[in-house]
Amino acid sequence: MLRPRRRGLRLAVPAIVLGAVLAAPGVAAAAPPHEADTSHRTDASLRQLADRHRLPIGTAADDAALTSDAAYREDITTEFSSVTAENVMKWESLEPERGQYDWAAADRLVETAEANGQQVRGHVLIWHSQLPDWLTENEASISTEEFREIVRNHIQTVVGRYKGRIAEWDVVNEAFSDTGGLRDSIFLRKLGPGYIADAFRWAHEADPKATLFYNDYSAEDVNRKSNEAYALIKDFVATGVPIDGFGMQAHHSANYAPTTMRENIQRFAALGLVTAVTEADVRMQLPVDGTKLQAQANVFSVLLSSCLAERSCISFTSWGFTDKYSWVPNTFEGQGAALFLDENLQAKPAYEAMRNDLLLTEPVRGKRGHGRG
Ligand code: XIL
């Protein structure tokens with residue numbers, strides 16, 4: 001379908017630089033440098049520009065929007081080389097009744113991604129939120145042994161179903177609290193702190209080749225939460241727990257950009273781990289104004305360029321791409337406009353900032369893709 005052009009905006013990059021960058025290998029849509037008409041060069045999508053870096057660039061995909069909105073679907077295909085299920089792989093969605101799985105929406109997402117040549121990030125196996133009632137309501141009556149078996153079985157059923165088809169799994173999500181220490185959750189209460197290592201062991205058994213992540217928010221910088229995660233993961237590495245990656249959700253506010261993100265990425269790389277930005281969005285207090293949009297563009301740029309510059313950062317995913325379907329207004333009162341396309345799927349300054357980062361950053365990933373350490 002035809003929509004108003006949003007990529008006709010001229011970038012603040014000299015044509016000669018653009019020509020040189022886009023002529024580089026890996027940019028599928030790049031025109032030969034001798035062509036006079038350069039208008040389509042500035043149309044290169046995030047996906048095309050990220051290909052040059054060998055960096056999968058992704059979005060969370062909302063199942064209802066995927067089904068009902070053709071323009072949304074088209075943008076997912078054009079702009080992204082990776083997708084994450086925003087909700088349909090969560091425990092309450094996949095196993096609404098004990099032992100009865102509903103795979104329809106998750107299967108559809110994986111099949112569509114495969115048809116579009118996109119990788120899938122699996123989200124999420126163990127998380128304290130969006131759990132089915134049959135599990136949470138029976139906490140007291142389920143024995144420890146039975147609970148352990150339920151968790152193992154869930155992880156292995158889900159990972160096993162998509163074995164070889166899901167590149168990266170968020171195995172454990174948000175296990176640390178905001179005030180320090182492990183979060184009080186049904187998993188901690190029933191199984192003790194060992195549940196985290198066990199979850200990785202079980203996931204690894206079910207798909208030994210999947211890249212397995214610990215994922216959390218407010219952990220992009222070197223700070224208390226990322227320090228605690230680092231200490232746990234360091235111990236996992238020392239004791240042979242099969243963990244591969246540290247995921248930084250990166251739900252941010254436009255008035256704060258991380259300052260120590262590359263340092264944080266580097267210390268995980270030094271342990272032999274990969275990293276990923278898994279859920280980036282940058283909310284603002286409504287109403288939107290030009291200053292806030294510029295601040296937002298800057299935060300997106302810091303997040304993306306920090307990942308781009310570190311070869312151990314193996315994927316960059318935003319939590320949606322259009323303000324039309326973002327989770328933010330439903331969750332943070334008075335805030336919104338957290339993504340880089342507006343409600344009409346038109347580019348905001350953050351979109352142009354991300355394109356500039358992709359265009360101007362020197363690629364650091366070799367032919368063999370990401371590297372650990
Ligand atoms: C959010 C979804 O975007 C919403 O649609 C849903 O109602 C609640 O969950 N951290 C995570 C994601 O790991 O799974 C959350 O997604 C956002 C915060």
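Report, to the nearest 10°, how far helix 261-270 tilts away from the longest principal axis of the Cα atoms in the chain, using its own Cα long axis and a range of 0 to 90°.
The angle comes out at about 60 degrees.
Once R0 is set to 22 Å, what does the formula 1/(1 + (r/R0)^6) return for the Cβ-Cβ distance between His128 and Asn255, expressed as a FRET efficiency to the nearest 0.05?
0.20
If the only charges are +1 at each Lys and Arg Cβ and -1 at each Asp and Glu Cβ, what is the size of the charge dipole of the stretch 137-260 around the Cα centre, to the nearest 20 debye?
280
Using the structure shown, select from Lys163/Lys324; Lys209/Lys324; Lys225/Lys292; Lys90/Lys324; Lys90/Lys190; Lys234/Lys348 the pairs with a Cα to Cα distance greater than 29 angstrom.
Table pairs above 29 Å Cα-Cα are Lys163/Lys324; Lys209/Lys324; Lys234/Lys348.
About its Cα centre, how strong a charge dipole does the stretch 81-216 have in debye, to the nearest 20, once Lys and Arg get +1 and Asp and Glu get -1 at the Cβ?
In debye, rounded to 20, the stretch 81-216 gives about 400.
Can you compute the equivalent ellipsoid semi-axes for the chain, i.e. the square root of 5 times each eigenvalue of the Cα gyration tensor, sorted largest first and rounded to whole Å?
Three semi-axes, in Å: 35, 22, 20.
Of all DSSP beta bridges in the stretch 81-216, what percent run antiparallel (nearest 5)?
Among the beta bridges of the stretch 81-216, antiparallel pairing accounts for roughly 15 percent.
Each label point is 7 Å from the Cα along the Cα-to-Cβ direction; what then is the distance between the points at Ala104 and Glu137, in nm?
2.2
Within the accessible area of the stretch 81-216, what % is carbon and sulfur when the probe is 1.4 Å and the other protein chains stay in place?
The computed percentage sits at 44.
Any idea what the dipole of the chain comes to, in debye rounded to 20, about its Cα centre with Lys/Arg Cβ at +1 and Asp/Glu Cβ at -1?
1340
Which distance in Å, rounded to a whole number, links the C-alpha centroids of the stretch 288-366 and the stretch 81-151?
27
Any chance you could run the full-extension gain for Ala64 through Leu360? It's 0.36 nm times the residue separation minus the Cα-Cα distance, nm to one decimal.
Contour length minus the Cα-Cα distance gives 103.0 nm.
Quick one: with all protein chains in place, what share of the accessible area of the stretch 239-373 is carbon or sulfur, to the nearest percent (1.4 Å probe)?
50
Quick check on packing: order 93-104, 53-64 by the mean number of other C-beta atoms within 10 Å, highest mean leading.
Values: 93-104: 14.2, 53-64: 23.3.
Order by mean packing, descending: 53-64, 93-104.
Over the chain, give the accessible area per residue in Å² for a 1.4 Å probe, as an integer.
On a per-residue basis, the chain sits at 41 Å².
If you line up the long axis of helix 224-239 against the longest principal axis of the chain, both from Cα atoms, how many degrees apart are they, to the nearest 10?
70
Give the percent of DSSP beta bridges with both residues in the chain that are antiparallel, rounded to the nearest 5.
Numbers: 6 of 40 bridges.
Looking only at bridges with both residues in the chain, the antiparallel portion is about 15 percent.
At a 10 angstrom cut-off on C-beta neighbours, averaged per residue, how do the peptides 247-255, 186-194, 141-149, 158-166 rank from highest to lowest?
The peptides rank, most packed first, as 247-255, 158-166, 186-194, 141-149.
The values are calculated or read from the model by the stated rules, or taken from the named source; none is laboratory data. A quick note: this is a predicted structure, and the numbers were derived from the prediction, not measured. Cβ sites come from the backbone with ideal geometry, for glycine too, and all protein chains shown count toward neighbours. Please note that ligands, DNA and RNA were not included when accessible areas were found on the heavy atoms of the full protein model with its side chains. Shrake-Rupley method; radii C 1.70, N 1.55, O 1.52, S 1.80 Å.
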